[in-house]
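Here the structure comes first, spelled out in structure tokens, and everything after it is commentary.
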Amino acid sequence: MKLEGEGKLLRIFCGETDKIGHQMLAEIIMIEAKEEGLAGVTILRGIAGYGANSRIHTEKILRLSEDLPIIIEIIDTCSKIDSFLIKINTLIEEAKCGVLITEERANIIKYTAGK
């Protein structure tokens, strides 16, 4: 797949405990993105954070949280990201969780597969 030029970076902020059934929302989003043929997904686990409810989640020993912040980053062409947002909204409604979704323009310089 060749991917260069103008694209979009989609970020979804959620928590570790956000699930659909027994599967993490982040993993479901990653699998759906792969099935849709999106260029790439990265799931990042935060060490601390808080969101709309202002509750601090941290990995510190004295305040060990089982709901650490998760950031899902997805990059592809503008049209593919726009189309995938419809699926993301459906998944989030099914998970019944609080999330933050952002997008920004991305200038894709190089996208290649390794060996």
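Pick out the one residue from G21, G37 that is closer than 25 Å to R105 by Cβ, among the small types (G, A, S) and exposed (fewer than 14 other Cβ atoms within 10 Å of the Cβ).
When all the criteria are applied, what remains is G37.
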From the list A52, A95, which residue is in contact with a helix residue (DSSP H, G or I) (Cβ under 9 Å, 6 or more places away or on another chain) and of a type in the set (G, A, S)? A95
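Looking only at region 77-101, which residues are more than 19 Å from Q23 (Cβ to Cβ), within 13 Å of the chain's Cα centre (by Cα) and surrounded by 13 or more Cβ atoms within 10 Å (Cβ to Cβ)?
Once the filter is applied, which keeps residues that are more than 19 Å from Q23 (Cβ to Cβ), within 13 Å of the chain's Cα centre (by Cα) and surrounded by 13 or more Cβ atoms within 10 Å (Cβ to Cβ), region 77-101 yields I81, L85, I101.
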Can you tell me which residue in region 1-20 is modelled with the highest pLDDT, limited to those that are part of a loop (DSSP other than H, G, I, E, B) and within 13 Å of the chain's Cα centre (by Cα)? D18
Exactly one of R63, R55, R105 is modelled with pLDDT of 90 or more and of a type outside the set (A, V, I, L, M, F, W, C), and that residue is R105
Return only the number of the condition from (1) part of a strand (DSSP E or B); (2) more than 18 Å from L9 (Cα to Cα); (3) among the basic types (K, R) that R105 does not satisfy. (2)
When you go through (1) assigned to a strand (DSSP E or B); (2) within 15 Å of I72 (Cα to Cα); (3) in contact with a helix residue (DSSP H, G or I) (Cβ under 7 Å, 6 or more places away or on another chain) one by one for A33, which number turns out not to apply? (1)
Among the candidates E73, E27, E104, which residue alone is under 14 Å from the mean Cα position of the chain (by Cα) and without any contact (Cβ under 8 Å) to a residue 40 or more places away in the chain? E27
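The values are calculated or read from the model by the stated rules, or taken from the named source; none is laboratory data. Computed from a prediction, not measured in an experiment: that's the story for all the values here. Because the Cβ atoms are built from the backbone with ideal geometry, glycine has one as well, and the counts that use them run over all protein chains shown.
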